[in-house]
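S.K.: Structure incoming, see below.
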Amino acid sequence: MIRKFISRVFSGKKARPGQHEPAVIPVSTHGITRDRISSGSRRVCETLQENGHKAYVVGGAVRDLLIGAEPKDFDVATDATPEEVRRAFRRSRIIGRRFQIVHVMMGQEQIEVTTFRGQLGEDTKKDEHGRVLHDNVFGSQMEDAARRDFTANALYYDPTTEAIVDYHHGVGDLKARTLRMIGEPRARYREDPVRLLRAVRLAAKLGLSIDPEAKRPIREMAVLLENVPAARLFDEMLKLLTSGHSVKCITQLRDEGLHHGLLPMLDVILEQPMGEKFVMLALANTDDRISRGKGTSPGFLFACLLWHEVLAHWEKMKADGEAKIPALFQAMDTVLDVQGEKLAITRRIAGDIKDIWLLQPRFEQRAGKRPYSLLEQPRFRAGYDFLLLRAESGEVDRELGEWWTRFQSVDGEERAQMLLPEQAGDKKRRRRRKKPSNAGSAPAAE
Ligand code: ATP
Ligand code: MG
């Protein structure tokens, strides 16, 4: 009895959940050999360990390998301070002011190295809704594990021993295809409402089901997203849209009532049959591109998501007597301004979005030299892909899309024969355009 007591005191075991010794799962059980880890992150771990530190590959990479998916990147967690990490690698720099992380370059690879984070204390700064504002204390590996969101994301892989250190039964949960929150889900969502979106995105992307405890509060806590900085929401939305499973993600967001605070216009758009068809086609198209290893541009994606809102404003402006192109400019600005309050679309992406939208009326002009000059536009390809989605969704005539497909594939005489006759008024319009005008060249995005 006394011996038992002493051993408990000296092993430091406590009964609180998450405060116990971790399971150390050998490679013979989990099967992930070190050659599955990127060579850069392996070398980072080895070097830190040679310097007397703990260092593991952590988070999404371990989870993805266990589930048989290709990891996007390999992050490292360590007990070395950012300054110690920086000193250990010549090509490294400290990023961030509050919670510093270190970017280490290994060949072409950039590895993100994070020092273990500590427990949130009584004095942790939070806003009035309970969202954690400052998160800058270092801690032990155990504390670091407890600070992560889902059990499947709190796994530490040691490339030297090839063992996985698992504090929260993450390997078991992954095997059972469950996404389980570490700790009390409501409290964890309040600390950081982005976790609501992460739950949906990771479940959709990895084919996991969200544990009922974590799923239940989502709908009622969705309103907390309104309080998240727009730049963070934008980053998370972009991750979601480019996850390769965007259709599933958006469908699930709607089912959970999460799309309200997120893309204010998506509410409206998804409720209009034409808008929904267009958005879903665009997302399916993006998922398909990603599954074939092709890139997607954020500008194209957001241009799709917001297009029907632009159309609605554009129609209204024209009905109010505004000329076609100035009306389009005003509609674009209105939509991007309203959207920007919730979602910080970066300036560069806003510029790309506008380029794609502004090309659309030009596809209708199929006479004279104009189709030829449209072909030469640097953004022609994106504009044309966008046009095809519009045609497929039934917003414009299929014939218009087919005409442009053919116009690109033929040349010379045949191309010239495709041109439509000049309409009365075309010449007048062209003469007017000779005057300096900014129509067609997007002004700097706000
Ligand atoms: P992805 O496949 O999109 O990269 P990920 O889980 O790796 O998914 P990251 O944003 O790269 O996502 O985060 C890396 C790790 O950091 C996560 O696995 C998790 O352990 C932790 N983490 C990220 N965001 C949060 C959060 N909001 N709350 C708690 N832990 C988080
Ligand atoms: Mg990651």
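S.K.: Quick one: Glu112 ticks every box in (1) in contact with a helix residue (DSSP H, G or I) (Cβ under 8 Å, 6 or more places away or on another chain); (2) within 16 Å of ligand 1 (Cβ to nearest atom); (3) not hydrophobic (A, V, I, L, M, F, W, C) bar one, so which box is it?
M.R.: That leaves (1) as the condition not met.
S.K.: Based on what the data block shows, is Glu226 of a type in the set (Asp, Glu), touching an Asp or Glu at 6+ places or on another chain (Cβ under 9 Å) and assigned to a helix (DSSP H, G or I)? Spell out how you get there, then give the answer.
M.R.: Details: of a type in the set (Asp, Glu): yes; touching an Asp or Glu at 6+ places or on another chain (Cβ under 9 Å): no; assigned to a helix (DSSP H, G or I): yes.
So Glu226 fails the test.
S.K.: Any idea which of (1) modelled with pLDDT of 95 or more; (2) away from ligand 2 (no atom under 16 Å from the Cβ) is the one Tyr156 doesn't satisfy?
M.R.: (2)
S.K.: Please go through segment 174-183 and pick out each residue that is more than 12 Å from ligand 1 (Cβ to nearest atom) and either touching a strand residue (DSSP E or B) at 6+ places or on another chain (Cβ under 8 Å) or not in a helix (DSSP H, G or I) (or both).
M.R.: Answer for segment 174-183, where residues must be more than 12 Å from ligand 1 (Cβ to nearest atom) and either touching a strand residue (DSSP E or B) at 6+ places or on another chain (Cβ under 8 Å) or not in a helix (DSSP H, G or I) (or both): Ala176, Arg177, Thr178, Arg180.
S.K.: Could you list all residues from segment 159-182 that are within 11 Å of Pro22 (Cβ to Cβ), more than 16 Å from ligand 2 (Cβ to nearest atom) and touching a Leu at 6+ places or on another chain (Cβ under 6 Å)?
M.R.: The answer is Ile164, Asp166.
S.K.: Can we say Gln408 is out of contact with any Pro (no Cβ under 6 Å at 6 or more places or on another chain), part of a helix (DSSP H, G or I) and of a type outside the set (Ser, Thr, Tyr)?
M.R.: On the way: out of contact with any Pro (no Cβ under 6 Å at 6 or more places or on another chain): yes; part of a helix (DSSP H, G or I): yes; of a type outside the set (Ser, Thr, Tyr): yes.
Judged against the criteria, Gln408 is a match.
S.K.: Here's a follow-up. Determine, yes or no, whether Lys239 is under 19 Å from the mean Cα position of the chain (by Cα), closer than 25 Å to His134 by Cα, not aromatic (Phe, Trp, Tyr) and not in a strand (DSSP E or B). Walk me through it before giving the result.
M.R.: Numbers: under 19 Å from the mean Cα position of the chain (by Cα): yes; closer than 25 Å to His134 by Cα: yes; not aromatic (Phe, Trp, Tyr): yes; not in a strand (DSSP E or B): yes.
So Lys239 passes the test.
S.K.: With within 16 Å of ligand 2 (Cβ to nearest atom) and more than 15 Å from Phe138 (Cβ to Cβ) as the only criterion, which of Gly31, Gly40 stands out?
M.R.: On the way: Gly31 fails: within 16 Å of ligand 2 (Cβ to nearest atom).
Just a single option satisfies the conditions, and that option is Gly40.
S.K.: Within segment 362-381, can one find any residue that is in a loop (DSSP other than H, G, I, E, B) and surrounded by 21 or more Cβ atoms within 10 Å (Cβ to Cβ)? Lay out the reasoning, then the answer.
M.R.: Let us first name the residues in segment 362-381 that are in a loop (DSSP other than H, G, I, E, B), namely 365-366, 368-369, 376-379.
Then keep just the ones that are surrounded by 21 or more Cβ atoms within 10 Å (Cβ to Cβ); that gives none.
No.
S.K.: With the condition kept exactly as written, say whether any residue in segment 89-99 is buried (at least 19 other Cβ atoms within 10 Å of the Cβ), aliphatic (A, V, I, L, M) and in contact with a helix residue (DSSP H, G or I) (Cβ under 9 Å, 6 or more places away or on another chain).
M.R.: So in segment 89-99, the residues buried (at least 19 other Cβ atoms within 10 Å of the Cβ) come out as 89, 92.
Filter once more, so that each one left must be aliphatic (A, V, I, L, M): none.
Looking through segment 89-99, none of the residues is buried (at least 19 other Cβ atoms within 10 Å of the Cβ), aliphatic (A, V, I, L, M) and in contact with a helix residue (DSSP H, G or I) (Cβ under 9 Å, 6 or more places away or on another chain).
S.K.: Tell me which residues, restricted to segment 51-64, are more than 10 Å from ligand 2 (Cβ to nearest atom), touching a residue at least 40 places away in the same chain (Cβ under 8 Å) and surrounded by fewer than 24 Cβ atoms within 10 Å (Cβ to Cβ).
M.R.: Residue satisfying the conditions is Lys54 alone.
S.K.: Ok, one more. Before we move on, is Val194 of a type in the set (A, V, I, L, M, F, W, C) and either crowded, with 23+ Cβ neighbours inside 10 Å or within 16 Å of ligand 2 (Cβ to nearest atom) (or both)?
M.R.: Numbers: of a type in the set (A, V, I, L, M, F, W, C): yes; either crowded, with 23+ Cβ neighbours inside 10 Å or within 16 Å of ligand 2 (Cβ to nearest atom) (or both): yes.
Considered against the rule, which asks whether it is of a type in the set (A, V, I, L, M, F, W, C) and either crowded, with 23+ Cβ neighbours inside 10 Å or within 16 Å of ligand 2 (Cβ to nearest atom) (or both), Val194 comes out as yes.
S.K.: Is there any pair linking a residue in segment 184-213 that is closer than 22 Å to Ile250 by Cβ and part of a helix (DSSP H, G or I) to one that is basic (Lys, Arg) and within 15 Å of ligand 2 (Cβ to nearest atom), with Cβ under 6 Å and at least six apart or on different chains, and which?
M.R.: Tyr189/Arg195
S.K.: Could you tell me whether segment 90-106 includes any residue that is within 28 Å of the chain's Cα centre (by Cα), among the aromatic types (Phe, Trp, Tyr) and either at pLDDT 95 or above or outside any helix (DSSP H, G or I) (or both)?
M.R.: Taking segment 90-106 first, the residues within 28 Å of the chain's Cα centre (by Cα) are 91-106.
With the extra rule that they be among the aromatic types (Phe, Trp, Tyr), the set shrinks to 99.
Those left that are additionally either at pLDDT 95 or above or outside any helix (DSSP H, G or I) (or both): 99.
Yes, the conditions are met somewhere in segment 90-106.
S.K.: Scan segment 53-73 and give yes if some residue there is within 16 Å of ligand 1 (Cβ to nearest atom) and over 22 Å from Leu174 (Cβ atoms), otherwise no.
M.R.: Keep residues of segment 53-73 that are within 16 Å of ligand 1 (Cβ to nearest atom), which gives 55-73.
Those still in the list that are over 22 Å from Leu174 (Cβ atoms) too: 55.
Yes; the residues of segment 53-73 include at least one that is within 16 Å of ligand 1 (Cβ to nearest atom) and over 22 Å from Leu174 (Cβ atoms).
S.K.: Sticking with this one: Of the residues that sit in segment 66-78 and are in a loop (DSSP other than H, G, I, E, B) and buried (at least 18 other Cβ atoms within 10 Å of the Cβ), which one is modelled with the highest pLDDT?
M.R.: Taking segment 66-78 as the starting set, the residues that turn out to be in a loop (DSSP other than H, G, I, E, B) are 68-74.
So of that shortlist, the ones also buried (at least 18 other Cβ atoms within 10 Å of the Cβ) come out as 71, 74.
Values: Pro71: 93, Phe74: 97.
Looking at the filtered set, the residue picked out is Phe74.
S.K.: Taking segment 275-295 as the region of interest, how many residues are touching a Leu at 6+ places or on another chain (Cβ under 9 Å) and not hydroxyl-bearing (Ser, Thr, Tyr)? Before the answer, list the steps.
M.R.: Taking segment 275-295 and keeping what is touching a Leu at 6+ places or on another chain (Cβ under 9 Å), we get 275-276, 278-283, 285-286.
After this cut, where a residue has to be not hydroxyl-bearing (Ser, Thr, Tyr) as well, the list is 275-276, 278-283, 285.
Matching residues across segment 275-295 total 9.
The values are calculated or read from the model by the stated rules, or taken from the named source; none is laboratory data. None of the values given here were measured: they were computed from a predicted structure. Positions of Cβ are backbone-derived with ideal geometry, glycine not excepted, and every protein chain shown enters the neighbour counts.
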